[in-house]
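Heads up, the thing below is written out as structure tokens.
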Amino acid sequence: MPNAPDSAAGLFLVVAILWLLAAAGIGMLAAAERLFPDVLKVAFNVPFGSGIGVEITRANVDRAFVDALVYGWLSNAAFAAIFFVTPRLTGARLASDAVANMGLAAWNLAVAAGIAASAFGIAAAAPLGIYGVMVLVFGAIAVNASKRA
């Protein structure tokens, strides 16, 4: 699939669907926490290393759900739409499908790291460095979509 003309759009769409499924799973966990308030304590309060427990709270799960929907599903679906529509509007292929696919990998690794950091209570939101990576990747994706091949 990566050698096809619309490989970047197709891959972003596939990853968007995977994020939508992940967000649905996190949303079901959030709903279960509302129905059974101790489900997160039973399932996820596991001590790591020297007895330090990673506490996943309702607020962290809610934040992870919203982040998975917005940064995971919606952003990838938007990038897929950009990479699908731009060549048709301009009449030229993307500057580089390889750069777009590397942007896909970098974007989703940054999103996953940010969601994990906020879900496990490591940070109230994604750490600033992750947002910096996301801005750089977004810029690379935008430049790739705007240059003519």
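The values are calculated or read from the model by the stated rules, or taken from the named source; none is laboratory data. A quick note: this is a predicted structure, and the numbers were derived from the prediction, not measured. Ligands, DNA and RNA are stripped out before the accessible areas are found, and what is left, the full protein with its side chains, is counted by its heavy atoms. Shrake-Rupley method; radii C 1.70, N 1.55, O 1.52, S 1.80 Å.
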**Message:** With a 1.4 Å probe and all protein chains kept in place, how do F79, F36 rank by accessible area, largest first?
**Reply:** F36, F79
**Message:** Expected output is a single nm value to one decimal: the length gained when fully extending between A81 and F138, i.e. 0.36 nm times separation in residues minus the C-alpha distance. What is it?
**Reply:** 19.1 nm
**Message:** With every protein chain left in place and a probe of 1.4 Å, what is the accessible surface of Y131, to the nearest 10 Å²?
**Reply:** 70
